[in-house]
Amino acid sequence: MIDLHSHVLPGLDDGARDLEDSIELARTAQSDGTEILAATPHLREDYPGVRVEEIASRCAGLNRDLPDDCAVEIVSGGEVALTWAREALREDLALASYGQRGTDLLVETPVGPLANDFEEAMLGISGQGFRILLAHPERNPTFQWDRRRLSALTERGVLVQVTAGSLAAENTRSRSRRLARALVEDGLAHVIASDAHSSNFPRFWLSAGVEAAARIAPLRAEWMVTDAPAAILAGEPLPAAPSERTRRRRFG
């Protein structure tokens with residue numbers, strides 16, 4: 001499996017505390033079935049220690065520091081806040097993209113209600129030549145109450161990443177769980193990721209999210225952690241999602 005969202009780099013943000021924690025996180029990911037793990041530290045004002053020009057070299061260093069029995073490959077990326085993106089040069093956005101290819105960018109969904117110009121800001125990034133992977137929109141209250149805004153973004157080419165923790169949550173009344181599962185059911189989610197912060201991170205690991213999604217759309221669940229993220233890392237068009245022989249309900 002490929003996990004496109006984690007905070008595995010040590011001592012940068014609210015993720016792994018130190019190298020030991022990073023190694024344990026990578027080991028846990030490997031034991032869960034992950035082969036490629038993207039390091040996506042927060043790029044926003046409250047984490048000034050995250051320097052976009054250093055992310056790739058820090059990933060290379062972590063790959064060297066991983067023990068021989070930990071075969072997870074760490075690839076570079078960043079979780080970009082819109083406030084940071086608005087002030088960043090295109091060159092800086094490219095450094096935050098997956099593998100620094102300048103093609104695909106993980107953009108953080110705000111925690112609070114969305115501003116009226118949220119879509120305009122997103123499309124402004126797209127207009128600079130980036131394909132956006134929107135991180136965990138199922139947690140946002142605006143999208144939970146008005147799914148049409150998210151559906152409209154996917155029609156404009158924005159890709160959607162849902163978290164394993166939301167899909168596998170045990171609380172059936174959780175709005176995040178309900179939206180994440182609806183996105184999978186309606187074919188509007190493209191990637192499942194862990195958003196893991198440490199080896200003992202309380203959210204579910206990737207396989208739990210795949211298992212939960214497989215109860216809804218088993219073929220798509222596998223595609224969301226293999227073919228789709230592989231295409232994103234390569235900067236290529238996503239392959240067609242497998243067709244499920246189940247009736248789709250109307251979105252929204």
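We did not get these values from a lab; they are worked out from the coordinates using the rules stated. Predicted model, so just to flag it, every value in this text is computed and none were measured. Reconstructed Cβ throughout: ideal geometry from the backbone, glycine too, with neighbour counts over all protein chains shown.
Key figures
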{"item": "Range of Cα positions in the range 170-214 per principal axis (Å), largest first", "result": "32, 23, 15"}
{"item": "Calculated FRET value between ASP65 and ALA214, using beta carbons and R₀ = 30 Å, to 0.05", "result": "0.30"}
{"item": "Cβ-based charge dipole, the chain, positive-most Cα from TRP84, GLY124, MET1", "result": "GLY124"}
{"item": "Ratio of Rg to Rh over the chain (Cα coordinates, Kirkwood Rh, two decimals)", "result": "0.94"}
{"item": "Helix-only [θ]222 nm of the chain, DSSP H runs n ≥ 4, -39500 (n - 2.57) each, per residue, nearest 500", "result": "-11000 deg cm²/dmol"}
{"item": "Gap separating the Cα centres of the range 24-82 and the range 113-190, nearest whole Å", "result": "23"}
{"item": "The chain: most fluctuating residue of ASP32, ASP13, ASP46 per GNM, C-alpha cutoff 10 Å", "result": "ASP46"}
{"item": "Given the chain, longest segment not containing exposed loop GluC sites (Glu not before Pro) (DSSP; at most 10 other Cβ within 10 Å)", "result": "46-169"}
{"item": "Taking the range 2-234 and dividing mean pair separation by its residue count, relative contact order in percent (alpha carbons under 8 Å, at least six apart)", "result": "21"}
